[in-house]
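Asker: Attaching a single structure in structure tokens format; questions to follow.
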Amino acid sequence: MKAKILILLLITLVINACSKEANGGKPQLSFSSVTATTISLNSIVTFNLVLKDAVTSTTNDTLFVARKFYTCPYITKDTSFAIIPTYNGVKNQKANIEYTFQYGSGGYYNGCINSVGNALRTDSLNYYFWVKDALGNTSDTVASPKIILLNR
């Protein structure tokens, strides 16, 4: 009888020692909203995301942003990142993130614009977001709805 109790106790300890948090200790990112899904040249669109940290610590997270155009032939860079300002995170604390993009603002992370600065046609894309924390844990990727970039 004592052997059975000991075995049962050992099995319980092993199961508890091996169990992980429901999210596996990684940050959780969710898509909240976007200010527009059809934008004109030189317009601004803001994506609202919610980040939930898995650990209590001083956070040093990075937001990654990738774009996938439906047909744009001019894009040479499609992924960028931004350092999220450091804050003292508490486990399961939620933080709101706003990512703002100006279509036609120039630079490497512009809209579908050719080398002379013209948007020759309307195009569409999706944005993809994910977060990597200081411990190297990466959230799941969340996608925006289809964004239409007008050529005017």
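The values are calculated or read from the model by the stated rules, or taken from the named source; none is laboratory data. Note that the coordinates shown come from a computational prediction; the quantities given were computed from them, not determined experimentally. Note: ideal-geometry Cβ built from the backbone for every residue, glycine included; neighbour counts use all protein chains shown.
Asker: Looking at I7, is it at pLDDT below 80, out of contact with any strand residue (DSSP E or B) (no Cβ under 7 Å at 6 or more places or on another chain) and not in a loop (DSSP other than H, G, I, E, B)? Give the steps one after another, and end with the answer.
Answerer: Numbers: at pLDDT below 80: yes; out of contact with any strand residue (DSSP E or B) (no Cβ under 7 Å at 6 or more places or on another chain): yes; not in a loop (DSSP other than H, G, I, E, B): yes.
Criteria met by I7.
Asker: What about K20, is it of a type in the set (D, E, K, R) and at pLDDT 50 or above?
Answerer: Details: of a type in the set (D, E, K, R): yes; at pLDDT 50 or above: no.
The answer is no for K20.
Asker: Restricting attention to the range 91-111, does a residue exist that is aromatic (F, W, Y) and modelled with pLDDT under 65?
Answerer: Here is the first cut: in the range 91-111, the ones aromatic (F, W, Y) are 99, 101, 103, 108-109.
After this cut, where a residue has to be modelled with pLDDT under 65 as well, the list is 108-109.
Yes - at least one qualifying residue is present in the range 91-111.
Asker: Same structure, new question: Please tell me if T58 is modelled with pLDDT of 85 or more and assigned to a strand (DSSP E or B). Walk me through it before giving the result.
Answerer: Working: modelled with pLDDT of 85 or more: no; assigned to a strand (DSSP E or B): yes.
Answer is no for this residue.
Asker: If S124 meets every condition in (1) at pLDDT below 80; (2) of a type outside the set (A, V, I, L, M, F, W, C); (3) closer than 16 Å to L150 by Cα apart from one, which number is that one?
Answerer: Evaluating S124 over (1) at pLDDT below 80; (2) of a type outside the set (A, V, I, L, M, F, W, C); (3) closer than 16 Å to L150 by Cα leaves (1) as the failure.
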